[in-house]
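Derivation of every value follows stated rules applied to the coordinates shown; laboratory data play no part. From a predicted model like this one, the values you see are computed outputs, not experimental measurements. Cβ sites come from the backbone with ideal geometry, for glycine too, and all protein chains shown count toward neighbours.
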Amino acid sequence: MGAIIFLVLAFVVYFLPTIVASKNKKKNSDAILILNLFLGWTFVGWIIALVWAVMHEEKNEASK
């Protein structure tokens with residue numbers, strides 16, 4: 001039972017940038033998922049994905 005809890009917790013932590021991006025309705029959440037999936041294991045990729053997920057998106061005047 002402890003192994004299952006550990007695996008679920010590890011999965012949530014690994015995909016935390018993706019979870020944050022989708023919760024914040026980021027425009028590039030698919031790209032953050034791909035970066036997280038393929039480079040998250042490097043820790044540098046995980047940090048980049050997390051920073052990208054929490055960055056403030058500028059509103060474009062043309063899109064209003």
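Quick notes on this one:
- Listed by first and then second residue, the pairs linking a residue in segment 4-25 that is under 13 Å from TRP52 (Cβ atoms) to a residue that is among the aromatic types (Phe, Trp, Tyr) and assigned to a helix (DSSP H, G or I), with Cβ atoms under 9 Å apart and 6 or more places separating them unless they lie on different chains, are LEU16/TRP46; PRO17/TRP46; PRO17/TRP52; ALA21/TRP52.
- Boolean, LYS59 is part of a loop (DSSP other than H, G, I, E, B) and in contact (Cβ under 8 Å) with a residue 12 or more places away in the chain: no
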